[in-house]
Amino acid sequence: MAYSDYRRILLIRLSSLGDIILTTPVLRLLRESWPSARIDVMVKAEFQDVLRAHPCVDRLLPVDTREPLRHTIRALRETHYDLVLDLHRTMRSFWLYRFSRARQRLAYRKHTLRRALLVHCKWNTLPQTVPVPERYALPLRRLGVMTPLPQTELHVDAESALAVEQYLAEAGFKLPTVPRCLIAVAPGSRWKTKQWPVERYAAAAQELAARHDATIVMLGDGHDRPLVQEFQQHVAVPVIDTVGQLPLMQTAALLQQCRLLLCNDSGLMHMAAALGVPVVAVFGPTVQALGFYPFQAMAQVVSHPLSCRPCTTKGLHRCPRGHYDCMRRIAPQQVVAAAETLWPEAHH
Ligand code: SF4
């Protein structure tokens, strides 16, 4: 089959929030290269809202990974895909392709061995610092798709935007003419080692809020609730606390109204980048060579050079050396200074 004849394309990327957002430049390339093809995307059910309003997606196939594989396969076989673009690349996604009756599979290279060498031996054999969206796009380059990669995208649905407007109005804010600007802070992380100390977030956010007459908004999911009280103990101003209280796309709608986000290397960092919100990201045990820096974004990354970095590709719950210096050596003033460089661009 000629490439130009693709009529049904399936992209697989099951998790997580940031990884799914990083597939959106490829979705845009697929749509531009095969304008009349049907483009379906398979994602974990809990993240399906991230792509629900994306104009390049025709159908979402949400998957509950706790269910047996055969349930998903049955749904897949009903559509005879011409191309499966496997950006998840696990045994699970491989078997999904094998049983799907799709004609062709393209998968991205994870460089698992090279990344392990970098983490465990500090030997960087990765070809160069290639951002993950570029790695996702490489299989399409083999098909002759040479268009430059666009930015990540996130499309907030009207319902979520309205819900947030009401939420902010109840908190004393009126959109679109917000009287005081909002500074978003997302201090949580799934991994303890990727979490900059919460009292330092509080110090940095409070300093910025005082300088710019801004209000602090805390973002995060239910797992981050324990951080809220500690954060509030270290600030002397009122904080809008939304942690664990908003669905994912309402969090996006709220973030879109903020001047800036302070966060760790996390899914919300990629969300801000995709929304065009300037972001200051604190990186500890991970490094740029792994490919997850904010992509084509108004962003500043703050980190501290240490010989033990990187010690993980995704994150760890404990520092292998026990001192957490990659995070503890970053002072609030560094984050404030990074935010100030972005402030002129923070146009919301
Ligand atoms: S201090 Fe070093 S070993 Fe500990 S978490 Fe950070 S990078 Fe890893």
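The values are calculated or read from the model by the stated rules, or taken from the named source; none is laboratory data. Please read these numbers as outputs of a predicted model, since none were measured by experiment. So basically every Cβ, Gly included, is an ideal-geometry build from the backbone, and we count neighbours across all protein chains shown.
Inspection of the stretch 301-311 finds no residue satisfying the criterion of being modelled with pLDDT under 95, under 18 Å from ALA338 (Cα atoms) and in contact with a strand residue (DSSP E or B) (Cβ under 9 Å, 6 or more places away or on another chain).
For the stretch 259-276, residues that are out of contact with any Gly (no Cβ under 8 Å at 6 or more places or on another chain), outside any helix (DSSP H, G or I) and buried (at least 24 other Cβ atoms within 10 Å of the Cβ) total 4.
ALA53 meets the stated requirement of being touching a His at 6+ places or on another chain (Cβ under 7 Å) and either loosely packed, with under 15 Cβ neighbours inside 10 Å or over 24 Å from LEU138 (Cα atoms) (or both). Only one of the listed residues (PRO305, PRO285) is in the same structural domain as ILE216 (by TED's automatic domain parsing), near the ligand (Cβ under 9 Å from one of its atoms) and in a loop (DSSP other than H, G, I, E, B). That residue is PRO285. From the list ARG70, ARG105, ARG59, ARG77, the lone residue that is closer than 27 Å to LEU138 by Cβ and surrounded by fewer than 16 Cβ atoms within 10 Å (Cβ to Cβ) is ARG59. From the list LEU162, LEU227, LEU246, the lone residue that is out of contact with any strand residue (DSSP E or B) (no Cβ under 6 Å at 6 or more places or on another chain) and buried (at least 21 other Cβ atoms within 10 Å of the Cβ) is LEU227. Among residues of the stretch 324-343 that are in a helix (DSSP H, G or I), those with a beta-carbon under 9 Å from a residue that is of a type in the set (Ser, Thr, Tyr) at least six positions away or on a different chain give the pairs CYS326/THR193; CYS326/SER303; MET327/THR193; PRO332/TYR201; VAL335/TYR201. Residues that are at pLDDT 95 or above, away from the ligand (no atom under 16 Å from the Cβ), within 24 Å of the chain's Cα centre (by Cα) and within 18 Å of CYS263 (Cβ to Cβ) do not occur anywhere in the stretch 315-329.
If you go through the stretch 70-114 and keep only what is farther than 21 Å from ILE20 by Cβ, among the charged types (D, E, K, R) and outside any loop (DSSP other than H, G, I, E, B), you end up with ARG70, ARG74, ARG77, ARG98, ARG114. Considering only residues that are within 16 Å of the ligand (Cβ to nearest atom) and either closer than 18 Å to ALA273 by Cβ or loosely packed, with under 15 Cβ neighbours inside 10 Å (or both), which ones fall in the stretch 330-348? ALA331 - this is the single residue of the stretch 330-348 that is within 16 Å of the ligand (Cβ to nearest atom) and either closer than 18 Å to ALA273 by Cβ or loosely packed, with under 15 Cβ neighbours inside 10 Å (or both). For GLY244, the test of being near the ligand (Cβ under 10 Å from one of its atoms), farther than 18 Å from LEU154 by Cβ and small (Gly, Ala, Ser) is failed. Within the stretch 256-276, identify whether any single residue is within 15 Å of the ligand (Cβ to nearest atom), of a type in the set (Lys, Arg) and touching a residue at least 60 places away in the same chain (Cβ under 8 Å), and answer yes or no. No, every residue in the stretch 256-276 fails to be within 15 Å of the ligand (Cβ to nearest atom), of a type in the set (Lys, Arg) and touching a residue at least 60 places away in the same chain (Cβ under 8 Å).
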